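Working notes, structure below.
The values are calculated or read from the model by the stated rules, or taken from the named source; none is laboratory data. Remember, it's a predicted structure, so these values are computed and weren't measured experimentally. Please note: Cβ atoms are built from the backbone with ideal geometry, for glycine as well, and neighbour counts cover all protein chains shown. What goes into the accessible areas is simple: the full protein's heavy atoms, side chains included, and nothing from ligands, DNA or RNA. Shrake-Rupley method; radii C 1.70, N 1.55, O 1.52, S 1.80 Å.
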Amino acid sequence: MRSAVAFLTAVLLFASGCASLTSGQAGEPNYASSAEENLRLGTEAMENKDFLKAQKYFEYVRAKFPYQDAAREAELKLADVDFAREAWPEAREQYESFIKLHPTHPKVDYAAYRSALTHVEDYPSEFFALPPPEEKDQGEIRAALLAMEDFRRQYPKSEYADEAKANADEARRRLAEHELYVARFYQKRERWKAVAQRLESLLRRYPGTQYEEEALFDLHAAYVKLNDPKKAEETLRQVLRRLPGTPAAERAQRMLGS
């Protein structure tokens with residue numbers, strides 16, 4: 001009997017907890033009289049991860065105070081809500097809509113940077129139980145590189161320009177790593193033409209990464225295997241041009257025999 005009562009009590013407590021959770025997510029919030037106060041309440045709800053309530057506060061400001069600056073702020077906040085809940089395509093769409101509607105707004109660079117950042121946040125997972133990132137689809141990484149470079153061209157003086165450069169450099173590194181990974185795949189199968197194509201692509205599209213030296217010497221080796229001494233020599237001369245004054249350049253000079 002005691003165990004039955006305890007079980008019933010636990011069920012009632014669980015149901016009560018679920019009801020209170022549901023009531024916190026359903027219905028309309030108690031809106032304030034001013035746009036600024038509603039923005040504050042929405043921001044507070046977002047920080048507490050009550051995204052539905054935050055969304056309602058911001059939508060209320062946008063609808064109730066359409067001619068105030070607060071309405072534009074609410075539009076940005078709605079995009080921030082989608083960003084915070086990791087709805088990357090939805091967030092990106094909202095930021096881009098804001099840019100189109102308000103191209104001269106003081107925070108347009110913020111919207112543009114956050115739009116680009118959604119691609120970074122959507123990179124392939126590095127979770128240890130999954131295949132390594134270089135084996136996965138690189139679409140979001142390529143999109144991030146294009147978006148960050150475009151951002152830097154459009155907003156070179158933005159406070160987010162340095163972060164955009166760092167993200168572009170990281171995207172470039174990841175894409176170069178992927179090209180090197182694929183080249184290694186073809187090396188193991190002695191498909192030297194495919195190796196050369198991949199390494200040429202890496203050096204052309206992603207110059208200046210930490211993989212440049214490795215790619216150049218592997219490319220030289222591929223052309224040797226392909227019996228193409230002219231391209232093999234040109235690759236060594238690329239080392240001299242790209243990496244002057246380095247041990248790699250000294251190695252290439254020795255291999256050239258001069």
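Descriptive notes on the structure:
- Taking residues in region 111-125 that are of a type in the set (Val, Ile, Thr), and partners anywhere that are at pLDDT 95 or above and surrounded by fewer than 22 Cβ atoms within 10 Å (Cβ to Cβ), the pairs with Cβ atoms closer than 6 Å and at least 6 places apart or on different chains are 118/88.
- Some residue of region 54-71 being touching a residue at least 12 places away in the same chain (Cβ under 8 Å) and within 30 Å of residue 170 (Cα to Cα): no
- Among the residues of region 25-65, those identified as open to solvent by 70 Å² or more (accessible area, probe 1.4 Å) and among the acidic types (Asp, Glu) are 28, 36, 44, 47, 59.
- Region 202-221 residues that are within 23 Å of residue 256 (Cα to Cα) and in contact (Cβ under 8 Å) with a residue 12 or more places away in the chain, paired with ones that are among the β-branched types (Val, Ile, Thr) and surrounded by fewer than 16 Cβ atoms within 10 Å (Cβ to Cβ) (beta carbon under 8 Å, 6 or more apart): 213/246
- The set of residues in region 194-237 that are of a type in the set (S, T, N, Q) and surrounded by fewer than 18 Cβ atoms within 10 Å (Cβ to Cβ) comprises 197, 201, 210, 227.
- For residue 179: the one exception among (1) part of a loop (DSSP other than H, G, I, E, B); (2) among the acidic types (Asp, Glu); (3) over 16 Å from residue 121 (Cα atoms): (1)
- Residue 208 meets all of the listed conditions (1) at positive phi; (2) more than 35 Å from the chain's Cα centre (by Cα) but one, namely (2).
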